Amino acid sequence: MTDGALNDSFHVPFHGKTIIAETTPGCNGHILMLHGGGKDRKVFSKYRLLLQELGYGTTVFDFIGHGETGGDLYESSLFSRTRQAEAVIAHLNHPLSGCMGVSMGAYNALHLSTVVQLRSLILMVPGVYAKSAYKVKFGPDFSQIIRKHRSWEATDAWDIAAGFTGNLLVVAAQNDAIIPSEIPQKLADSASNAAKKDLLIIPGAGHNSIWDSLMLSPDLYEKTRSAFETCLSK
């Protein structure tokens, strides 16, 4: 992260491993950002600058099996990822105001909202998973569960979204070849108790190209920036 932001790195012990994290300050609140299964914390670099402009501090980290944290991915799980996020939160000296999760990270963000008080959730190209997969380690058994046709319909994500009372923003890619279009729509529809909620579909974007699409349209960028600001505000 650049542009003069004070970016402090820190290490978090977790079950014999060391999670690599970094944080920046902000006067309007603090957002934890959770990357997906095929990425690392660098995926958030542009979004962190956007949030910095809005006055929000951010914390990012590499889950076990990714980026600088490294380690054996197959010793981790969706459940472990949520616990890793909790361990990072415990090392912060200030409360969170929100959480942003991308792809698999969106499912972890939802689970985190059940144990940490959050006023805002941003779920981008959100993946959801069958409840039975939550504690299964990544590998053949996990893959067997999630590769069943429409296995995601057996998720607990709808119930978690229904119980969330803060502000919710769901960001979907119009041409997402990974996440079925029903998932972001149903997450938004399920959030019946949210203080505010919005579903933002990015035209022409694929699963990994939302930022690229925003850069092609100043109007779309401003619309997205405004949606972020509305979701994150009190």
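Given (1) open to solvent by 70 Å² or more (accessible area, probe 1.4 Å); (2) in contact with a strand residue (DSSP E or B) (Cβ under 9 Å, 6 or more places away or on another chain); (3) modelled with pLDDT under 95, identify the lone condition not met by residue 92.
Only one criterion is unmet by residue 92, namely (1).
Which is under 15 Å from the mean Cα position of the chain (by Cα) and within 20 Å of residue 115 (Cα to Cα), of 195, 157?
Numbers: 195 fails: under 15 Å from the mean Cα position of the chain (by Cα).
One residue alone meets the criteria, 157.
What are the residue pairs meeting all of these: first residue in the stretch 190-205, first residue outside any loop (DSSP other than H, G, I, E, B), second residue hydroxyl-bearing (Ser, Thr, Tyr) and exposed (fewer than 14 other Cβ atoms within 10 Å of the Cβ), Cβ atoms under 9 Å, and 6 or more apart or on different chains?
196/230; 198/230; 201/181
Is it the case that residue 141 is among the charged types (D, E, K, R) and either under 29 Å from residue 197 (Cβ atoms) or open to solvent by less than 40 Å² (accessible area, probe 1.4 Å) (or both)? Break it down stepwise before answering.
Values: among the charged types (D, E, K, R): yes; either under 29 Å from residue 197 (Cβ atoms) or open to solvent by less than 40 Å² (accessible area, probe 1.4 Å) (or both): no.
Criteria not met by residue 141.
Hey, among the residues in the stretch 12-55 that are under 20 Å from the mean Cα position of the chain (by Cα) and open to solvent by 80 Å² or more (accessible area, probe 1.4 Å), which one's farthest from residue 211 (Cα to Cα)?
25
Cβ-Cβ under 6 Å, sequence separation 6+ or interchain: first residue in the stretch 109-128 and touching a residue at least 12 places away in the same chain (Cβ under 8 Å) and within 18 Å of residue 207 (Cα to Cα), partner among the β-branched types (Val, Ile, Thr) and assigned to a helix (DSSP H, G or I). Which pairs?
These pairs meet every condition: 128/183.
For the stretch 70-79, enumerate the residues that are open to solvent by 20 Å² or more (accessible area, probe 1.4 Å) and touching a residue at least 12 places away in the same chain (Cβ under 8 Å).
71, 73, 74, 75, 79
The values are calculated or read from the model by the stated rules, or taken from the named source; none is laboratory data. What you are looking at is a predicted structure, and each value in this text was computed from that prediction instead of being measured. Backbone-built Cβ (ideal geometry, glycine too); neighbour counts: all protein chains shown. Protein only, heavy atoms only, side chains kept; ligands, DNA and RNA dropped before computing areas. Shrake-Rupley method; radii C 1.70, N 1.55, O 1.52, S 1.80 Å.
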